[in-house]
Amino acid sequence: MKDINHYLTRHLRAKVRARSTIKEIAQQLYAIDRGLKLGFLWDVGCLSMDEVSRLLDSLKAAKLLQDTLVVVQIGHESADDFGVCHMDRFVGQQLWRPTVVDVSAGQAAPQLADERVVAVCNGYTSLLESRLEIIRSQHTARRTNTPIAVWPIGPTACRTSAYGLFIGYPVVYWYDTERTQDNCLAHVPLTVFQASSNEQTNTLFNPFVSFSVPNVLLNEPSVNDAITVWTESMARAGLKCVTFCKVFSNVIM
């Protein structure tokens, strides 16, 4: 990760002034490249999709990243959010399907999503896999520059679920966006799970992944299994992990 950070510091300092932001970008790209997470939502650094694509080209040319990292536009419009993922993690391996938790407003408490909601979330993932499969076959045949894949989820899709699936959270939240943009997580005790690389240059704990699970669902078999798989994978990678309980007066997604 140090090599990526040094490279980005040299090449981004005219565009991204904050060293902490450059370090965060380096940590996220390192985590994706090593398979520690599926994707990273690019919401830092004020870079466009094209700029990120060219940046990945230069990192690959410097042998700091694998050739299979791609940019993904999340939605139909170029102004939509975007991120970076390792396409082989989505289409080259059998994905562990996350547990989906329904946090729609109006419910007394978060609950496991029903089969209909799970099918919707699986559909999001299958759509991304199919788009990345096309990109991968074209990229392998021609060895083009870093491509931009379009993940055409509709305007009514639950973006919170899509983001969680893209990043690779073991537990993903969903809520009914056709009825409300609110959720039922306010004042609900949550256990937060975080992981950080051991290659950081300071003693601060700067997680590259952070997600939460309602305490009331921690003993559900599907939730417990998903957390166990994630925890064991982090342990095999020798990462630092922490958990803590948090209650928020308002949870914005």
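Annotations for the structure displayed:
- Note that the stretch 21-74 carries a Kirkwood radius of 11.5 Å, evaluated over its alpha carbons pair by pair.
- Take each peptide in 117-128, 235-246, 157-168, count the other Cβ atoms within 10 Å of every residue, and average; sorted highest first, the result is 157-168, 117-128, 235-246.
- Square roots of five times the Cα gyration tensor eigenvalues for the chain, Å: 30, 22, 17
- For the stretch 108-201, the convex hull drawn through the C-alpha positions has a volume of 167 cubic angstrom per residue.
- Share of Cα-Cα pairs in the stretch 182-253 lying beyond 21 Å, as whole percent: 35
- Per residue accessible area in Å² of the chain, where ligands, DNA and RNA are left out and the probe is 1.4 Å: 49
- Taking the DSSP beta bridges with both ends in the chain, the antiparallel portion is around 75 percent.
- FRET efficiency estimate (nearest 0.05) - Cβ-Cβ, Asn206 to Ala235, R0 30 angstrom: 0.95
- The chain - percent of accessible surface contributed by carbon and sulfur, probe 1.4 Å: 50
- For the stretch 125-253, fraction of C-alpha pairs farther apart than 19 Å, in %: 63
- Rg/Rg_globular for the stretch 1-136, with Rg_globular taken as 2.2 N^0.38 Å and Rg from C-alpha atoms: 1.20
The values are calculated or read from the model by the stated rules, or taken from the named source; none is laboratory data. Because the structure is predicted, anything quoted here is derived from the model rather than measured. We place every Cβ from the backbone using ideal geometry, glycine too, and count neighbours over all the protein chains shown. Just the protein is used for accessible areas: all its heavy atoms, side chains included, with ligands, DNA and RNA removed. Shrake-Rupley method; radii C 1.70, N 1.55, O 1.52, S 1.80 Å.
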